[in-house]
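Beneath this line is the structure, given in structure tokens, with notes to follow.
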Amino acid sequence: MAIRLGDTAPNFTADSTEGSIDFHNWIDGSWVVLFSHPKDYTPVCTTELGRLANMKPEFDKRGVKVVGLSVDDVESHKGWVKDINETQNCTVGYPIIADPEKKVAELYDMIHPKALNNLTVRSIFIIGPDKTVKLMLTYPASTGRNFDELLRVIDSLQLTANHQVATPADWKWGEDCVVVPAIKTEDIPEKFPKGHKVIKPYLRTTPQPNI
Ligand code: BEZ
């Protein structure tokens with residue numbers, strides 16, 4: 001069955017470049033990015049995994065663990081990581097799951113046969129500390145992902161989880177946020193002492209609360 005936002009991320013046990021992973025144990029109260037790539041030793045994937053390796057401190061800062069996955073085996077992953085480190089000037093410091101039997105890929109519906117035969121597409125699942133799925137993205141093999149956008153949506157998700165604000169279109173760190181509809185306008189001043197604007201009764205903004 002398809003995974004939907006709010007569902008508990010399905011658990012699995014799988015081998016990875018950093019040993020066996022029981023996914024729910026591995027989440028261990030953190031935010032998690034689980035991402036798949038189509039195949040080891042391919043050009044776009046090499047740039048993606050290198051970019052993510054170089055950005056890992058930004059994910060660490062936000063308390064987010066990162067884990068990759070493809071249908072290649074661990075030996076393939078380990079050999080390819082050497083190439084990624086060499087060509088992308090990085091050190092891959094996150095695990096890559098080996099899924100040669102496609103168990104995880106099927107559990108997470110990462111194989112879209114009409115787009116890419118028998119390989120995982122570029123899926124992203126952001127999972128909260130409560131193990132529920134907060135965001136899903138799917139890209140085709142030909143388009144490398146934008147990892148700055150991934151950090152932007154993580155910032156938005158964490159603002160909602162921790163401060164009861166949403167983020168408007170094209171929001172960037174430091175810009176005004178939207179007060180969620182669940183908060184009554186009369187309760188805003190106490191909850192958001194930095195100030196607020198009521199543009200319409202349903203459209204209330206406040207400066208980003210956590211800076
Ligand atoms: C790539 O990473 O470049 C790639 C992988 C699979 C299919 C097409 C491109």
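Taken together, the values in this text are just the output of simple stated rules run on the coordinates, not laboratory data. Keep in mind that this is a model prediction, so the values were computed, not measured. Methodologically, a virtual Cβ is constructed for each residue, glycine included, from the backbone with ideal geometry; neighbour enumeration extends over all protein chains shown.
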Of all DSSP beta bridges located in segment 2-137, what percent are antiparallel, nearest 5? 60 percent
Gain in span if fully extended, ASN54 to ASP130, counting 0.36 nm per residue against the direct Cα distance: 24.7 nm
Angle in degrees between helix 74-88 and the longest Cα principal axis of the chain, rounded to the nearest 10: 70 degrees
Charge-dipole axis of the chain as Lys and Arg at +1 and Asp and Glu at -1 on Cβ define it, positive-most pick from ILE199, TYR108, TRP80: ILE199
Over 23 Å, how big is the tail of the calculated P(r) for segment 120-211, in percent of all Cα pairs? 34 percent
Summing -39500 (n - 2.57) over every DSSP H run of at least 4 residues in the chain and dividing by its residue count gives a helix-only mean residue ellipticity at 222 nm, to the nearest 500 deg cm²/dmol, of -9500 deg cm²/dmol
Gyration tensor verdict on segment 13-145 (Cα atoms; rounded if a/c is under 1.5, prolate if a/b is larger than b/c, oblate otherwise): rounded
For the chain, longest principal axis from Cα atoms; helix 147-163 axis from its Cα atoms; angle between them, nearest 10 degrees, is 40 degrees
Using only Cα atoms, find the angle between the long axis of helix 43-61 and the longest principal axis of the chain, and express it within 0 to 90 degrees, rounded to the nearest 10. 50 degrees
How big is the equivalent ellipsoid of segment 163-206 along its three axes, where each semi-axis is √(5λ) from the Cα gyration tensor, reported in whole Å from largest to smallest? 16, 11, 9
ASN85 versus ASN117: modelled label distance in nm, points set 7 Å from Cα along the beta carbon direction: 3.5 nm
Multiply the residue separation of ALA169 and GLU106 by 0.36 nm, subtract the distance between their alpha-carbon atoms, and state the gained length in nm to one decimal. 19.4 nm
Answer with one residue from THR138, ASN89, GLY174: the one whose Cα lies farthest towards the positive end of the charge dipole of segment 69-211, charges on Cβ with Lys, Arg +1 and Asp, Glu -1. GLY174
Could you give me the ³J(HN,Hα) list for segment 103-114, computed from phi with Karplus coefficients 6.51, -1.76, 1.60 and θ = phi - 60°, whole Hz, x at Gly and Pro? 5, 6, 4, 6, 4, 9, 6, 8, 9, 10, x, 6
